[in-house]
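> Submitted below is the structure of interest, expressed as structure tokens.
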Amino acid sequence: MPAPQDQPLNAAEIGMLRRDGPIPLIGLLTAVTRWIEQRHLEQLALAGFPEIRRAHTPVVVHLPSGGIRLTDLAEAAGISKQAMAELVDDLEAHGYLERTPDPTDGRAKLLLMTDRARAAHAATLQIFADIEAELAAAVGVAALEQARNTLGDILHSAVLDAQQQGP
């Protein structure tokens, strides 16, 4: 049985989706995101990478191909160094990351993806393509493209513009 954080939807989200009236956008986005994440993790496990969990996302999303120091990775992800260290230790123990000396500072270590991590990344790209194909089959290619375009418009016009303008 998956851990509670690995459930596709929690009780509050299910309740929000079952209420009368229009579903708030945040509820829709959260439910779809959780469903995609869960499908991704299920398929990743079937592809031979069962150790990858949702909690590893801050590492995976912010890890550049050339490596990074743990403190810089924690800062990029917006989490504490201690929390990042736990995630990195877990991924290192499962063969996804390795620590090597930083050529610019002998006291520091760089975190690098291993061949196993690169294989998991390649599997992830294929899994996301498969999930998109599954969604296109469910709602139609045109509807999925319209959703992508609309979300892109929201991201660019509302979110990014607001960030550039400041508080």
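> Based on the Cα atoms of segment 17-98, what semi-axes does the equivalent ellipsoid have, where each is the square root of 5 times one gyration tensor eigenvalue, given in whole Å with the largest first?
Each semi-axis is √(5λ); the values are 29, 17, 10 Å.
> Moving to a separate point now. Where the only charges are on Cβ atoms (+1 Lys, Arg; -1 Asp, Glu), what is the dipole of segment 85-167 about its Cα centre, to the nearest 20 debye?
That gives a dipole near 160 debye.
> Quick one: angle between helix 81-93 and the longest Cα principal axis of the chain, in degrees between 0 and 90, rounded to 10, please.
Taking the Cα atoms of the chain, the angle to 81-93 is about 80 degrees.
> Largest first and to the nearest Å, give the Cα extent of the chain along each principal axis.
Between the extreme Cα coordinates on each principal axis of the chain lie 59, 44, 31 Å.
> Can you tell me how much longer the chain between A143 and Q82 gets when fully stretched, taken as 0.36 nm per residue apart minus their C-alpha distance, in nm with one decimal?
17.7 nm
> Let me ask another. Mind checking which of A136, P103, N149 is farthest towards the positive end of segment 96-167's charge dipole, using Cβ charges of +1 (Lys, Arg) and -1 (Asp, Glu) about the Cα centre?
With unit charges placed on the Cβ atoms, the residue in question is P103.
> Further question: Any idea what the relative contact order of the chain is, in percent, if you count C-alpha pairs under 8 Å spaced at least 6 apart?
It comes to 16 percent, rounded to a whole number.
> Quickly estimate the mean residue ellipticity at 222 nm for the chain, helices only: each DSSP H run with n ≥ 4 gives -39500 (n - 2.57), and the total goes over all residues, rounded to 500.
Per the formula, -19000 deg cm²/dmol.
> Treat every Asp and Glu Cβ in segment 4-160 as -1 and every Lys and Arg Cβ as +1, leave all other atoms uncharged, and give the resulting dipole magnitude about the Cα centre to the nearest 20 debye.
160 debye
> Among A47, A138, A93, determine the one that fluctuates most according to a GNM of the chain built with springs between C-alpha atoms less than 10 Å apart.
A138
> Contour minus end-to-end for V32 and F128, with contour as 0.36 nm per residue of separation and end-to-end as the Cα-Cα distance? Intermediate results must be reported in sequence, preceding the final value.
Numbers: separation 96, 0.36 × 96 = 34.56 nm, distance 1.33 nm.
Result: 33.2 nm gained on full extension.
> Right, something else. Report the full-extension gain for the segment V61 to A93: residue separation times 0.36 nm, less the Cα-Cα distance, to one decimal in nm.
Details: separation 32, 0.36 × 32 = 11.52 nm, distance 1.88 nm.
Fully extending the segment from V61 to A93 adds 9.6 nm.
Since every read-out is calculated from the coordinates, none of them should be taken as a lab result. Values in this document were obtained by computation on a predicted structure and should not be read as measured data. FYI the Cβ positions are ideal-geometry reconstructions off the backbone, even for glycines, and counts take in every protein chain you see.
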